[in-house]
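The values are calculated or read from the model by the stated rules, or taken from the named source; none is laboratory data. Note that the structure is a prediction, hence the values are computed from the model and not measured. Cβ placement follows ideal geometry from the backbone for every residue including glycine, while neighbour counts extend to all protein chains displayed.
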Amino acid sequence: MQQKPTALPTFKNLAPNERIEKRISVALVGYGRQGELIIDTLPRIPGIHIAAIADIWPWRRELAKNRLRALRLSPNLYETLDEMLHAEGDKIDAVIIATPDWQHVNHVSACLKANKHVYCDGEISDSSAKAQELVKLVNEKKLLVQCGHQRRSNPRYRYVFDKLNHKNGIPGTVTHAYTQWHRCITPLIHVPNRFAMSIADLQRHGYENMEQLLNWEWFTRFGLGDVAYRTGQKLDLLRWFWNAEPCSVTAIGDNDYYHREAPDCLMSIFTFKLPTGKIRRGYVQVLSTNSSGGDVEKFGTNYSQLQISEVPTNFQLVSVRASCRNFEEEKVHERVRTLIKYGMLLSPKKAPPREFSREPVIEARDDSEATELLLPFQPISSPISPHLENFISAIRDDTELRDPIEQASKNLIALEAAVQSARERRTIDLPLTARL
């Protein structure tokens, strides 16, 4: 295979002393588990000013204040998003939403009406119909909305999907994919009474008790459920990998262990029809009662397999293995050798061991010996950091968003179909609007 040298990707954070032409002032609504991760990540992005935090729970606001004080930051604190938007006004450029999914539509709408750019962690809504209304509002306001499929900004995924697969055919023609997100058994979350909100305050914000506030993803009134939204993350990867929308889904799911309102498992087979007319199938398995294998994606051809994961402590390898000998097997090895030649993959003999030994990417195996190849860039410090950086860059420099609301809305259509398929125990054909 003849190919011109390809420039390596660069993923560069500005040094603290580099000049920032425009400082972006952001606010956060929802200081829960994900909110903590976001607040810990934001100060590492140059040119960011954390102006305010809103959370309905006084204890969480106190935790946020103490955490930010330790970072020598002092944002203003508010109970609700509306109070924050009214008080801060033009002092903030963007709002990061890390609230329960059932509140996303209300919070995104409020921010857009206040002329703020929005980063929404997780799925954009608990309903595709509501998401479509948000798309219309975004187009009217001409503002940016980054949705929460953060792997789309992960350098490892972007390099493997775009550089290796889409442009260089590694690992080859993928006809089937298997993805999973397995987690161990966990009890419902509880807190001591001294930290709890009053029943009156909880009801004012839409919850009957603290159990609902702390475990909202297990109550059907608050959305599609935890396993459904994790399925959405995997579904988004399949759509990205094949550059296509699913045309049907067959799923099964139930409450096999916890006996809560929302299901604790969901297994879905999505069928994709490519523009060429060829069929591809992807399987998504999400379990909440068994952590075996953790979080991983596998893409298989008739002679190889590619494996990848976002979790660095879980599956760090992306491997290409010859699964059988046939006339196409040599093609993948020829492509691998060419990528090594042009520096798009690194041999361990040429790679600094301390910098690259923990990030192996491709393993090409034949009958003689296995060769481990490495990604030509460093691991990322936080899985959410590149996605936040992309959002800030889009505001500051007109960079293209990796997960705009239009594409996230399409993902939600297929996700809803999977939930419907499991509930009705039948295959769901996706409408034409889902494939536009």
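Here are some notes:
- Residue within segment 148-165 that is surrounded by fewer than 16 Cβ atoms within 10 Å (Cβ to Cβ) and not acidic (Asp, Glu) present: no
- Exactly one residue out of 104, 190, 182 is farther than 23 Å from residue 398 by Cβ, under 18 Å from the mean Cα position of the chain (by Cα) and free of Cβ contacts under 8 Å to residues at least 60 places away in the same chain: that is 104.
- Within segment 324-343, none of the residues are of a type in the set (Gly, Ala, Ser) and either touching a strand residue (DSSP E or B) at 6+ places or on another chain (Cβ under 9 Å) or modelled with pLDDT of 70 or more (or both).
- Only helices (runs of 4 or more DSSP H) whose full extent lies in segment 192-273 are considered here, and the ones with at least 1 residues that are surrounded by fewer than 19 Cβ atoms within 10 Å (Cβ to Cβ) and modelled with pLDDT of 95 or more are 199-204, 210-214.
- Boolean, residue 137 is part of a loop (DSSP other than H, G, I, E, B), among the aliphatic types (A, V, I, L, M), touching a Leu at 6+ places or on another chain (Cβ under 8 Å) and touching a residue at least 12 places away in the same chain (Cβ under 8 Å): no
- Subset of segment 138-147 (residues that are surrounded by fewer than 17 Cβ atoms within 10 Å (Cβ to Cβ) and not charged (D, E, K, R)): 139
- Filter result for residue 156 (modelled with pLDDT under 95 and either under 27 Å from residue 380 (Cβ atoms) or among the hydroxyl-bearing types (Ser, Thr, Tyr) (or both)): yes
- Qualifying residue in segment 239-259 (condition: touching a Cys at 6+ places or on another chain (Cβ under 6 Å) and of a type in the set (Gly, Ala, Ser)): yes
- When 85, 73, 77 are screened for being in contact (Cβ under 8 Å) with a residue 12 or more places away in the chain, in contact with a Lys or Arg (Cβ under 6 Å, 6 or more places away or on another chain) and closer than 24 Å to residue 43 by Cβ, only 77 passes.
- Odd one out for residue 110 among (1) touching an Asp or Glu at 6+ places or on another chain (Cβ under 7 Å); (2) within 29 Å of residue 287 (Cα to Cα); (3) buried (at least 16 other Cβ atoms within 10 Å of the Cβ): (2)
- Selection of segment 40-60 for residues being touching a residue at least 40 places away in the same chain (Cβ under 8 Å) and part of a strand (DSSP E or B) yields 48, 51, 52.
- Among the numbered conditions (1) surrounded by fewer than 20 Cβ atoms within 10 Å (Cβ to Cβ); (2) modelled with pLDDT under 95; (3) in contact with a Phe, Trp or Tyr (Cβ under 7 Å, 6 or more places away or on another chain), the only one that residue 67 does not meet is (3).
- Inclusion of residue 158 among residues that are more than 29 Å from residue 31 (Cβ to Cβ) and part of a helix (DSSP H, G or I) is warranted.
- Residues satisfying the stated conditions in segment 83-97, i.e. among the acidic types (Asp, Glu) and either exposed (fewer than 15 other Cβ atoms within 10 Å of the Cβ) or in contact with an Asp or Glu (Cβ under 7 Å, 6 or more places away or on another chain) (or both): 83, 90
- Residues that are surrounded by fewer than 16 Cβ atoms within 10 Å (Cβ to Cβ) and touching a strand residue (DSSP E or B) at 6+ places or on another chain (Cβ under 8 Å) within segment 166-181 comprise 175, 176, listed in sequence order.
- Residue among 36, 79 that alone is touching an Asp or Glu at 6+ places or on another chain (Cβ under 9 Å), surrounded by fewer than 19 Cβ atoms within 10 Å (Cβ to Cβ) and either more than 24 Å from residue 113 (Cβ to Cβ) or modelled with pLDDT of 95 or more (or both): 79
- For residue 170, the conditions (1) over 30 Å from residue 431 (Cβ atoms); (2) in contact (Cβ under 8 Å) with a residue 24 or more places away in the chain; (3) part of a helix (DSSP H, G or I) are fulfilled apart from (3).
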